[in-house]
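Reading through the structure tokens given below for one structure.
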Amino acid sequence: MVRIDEPVAGLRERGRVHRMNLIRTAAQELFAEKGYEQVTTREVAQRAGVGEATLFRYVHRKTELLLLVVGDRIADSVDRLIAEAESGSRSDGRSYIDRIYRIYDGRAELYLTDPDNVTAFVREGLDSSSSFKAESMVYGDRIIAAVAGIVREGQQAGQLFGGVDAATVALNCNGFYVHEITRSPARHFTLETFPKRLRARLAAQLEPLVVERP
């Protein structure tokens, strides 16, 4: 309950936060029901119970709604996957690449929970004309940096082959993930095969790095 003596600025801020939450929830529901590409900003505004002009005072374009809805989930997932990878085993060469596999298993799992909207999120990041590109690429860049760090660590420990550039390995792994997402609809691949297809491509890159001990 609002107190009578509550400052006007505080009331306004509460109203702003409330409307932002309504918009976020409406976008989340509509994207889940129809997919990002099929939803209009007018529909989001109507579902949120605000005018479209009001909606655009909070977000400037539909892609920002995608960042709000999908970006938050991806950010949480990336935080968790990197933290888990950093705490993983370092017992031998296989333990290092298993840490990388777990990162991408987690990314594949997130994709399978919401393939249409994750695909839209990835595609927006690939569009050089999109103002959304910088925000959407941050998450991939963090994964690339984490994977490169794991490879370098394994190389320094003498557990992974040192004759390759760790950053290139990490970029290739991320490229496999992005390519599998973008080609899956065009090739009519079933969702269930995504983790297996991704793992096979990662294995071709990572398995040769393991230094076999006699």
> Is it true that some residue in the range 188-202 is of a type in the set (Phe, Trp, Tyr) and either in a helix (DSSP H, G or I) or closer than 17 Å to TYR111 by Cα (or both)?
Replying inline: yes
> For residues in the range 149-171 being buried (at least 19 other Cβ atoms within 10 Å of the Cβ) and part of a helix (DSSP H, G or I), which is nearest to the chain's Cα centre (by Cα)?
Replying inline: ALA170
>> Residues that are at pLDDT 90 or above and among the acidic types (Asp, Glu), at least 2 per element: which helices (runs of 4 or more DSSP H) completely within the range 1-90 meet that?
In response: 8-34, 72-86
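One line per residue, one yes/no per condition, for (1) at pLDDT 95 or above; (2) more than 19 Å from ILE74 (Cα to Cα):
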{"position": "VAL147", "(1), (2)": "yes, no"}
{"position": "GLN155", "(1), (2)": "yes, yes"}
{"position": "VAL169", "(1), (2)": "yes, yes"}
{"position": "GLU180", "(1), (2)": "yes, no"}
{"position": "ARG183", "(1), (2)": "no, yes"}
{"position": "ALA186", "(1), (2)": "no, yes"}
{"position": "ARG197", "(1), (2)": "yes, yes"}
>> Quick check on the range 93-132: of everything there that is in a loop (DSSP other than H, G, I, E, B) and buried (at least 17 other Cβ atoms within 10 Å of the Cβ), which residue is modelled with the lowest pLDDT?
In response: PHE132
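The values are calculated or read from the model by the stated rules, or taken from the named source; none is laboratory data. Bear in mind that the values here come from a model prediction, so they are computed numbers and not experimental data. Please note: Cβ atoms are built from the backbone with ideal geometry, for glycine as well, and neighbour counts cover all protein chains shown.
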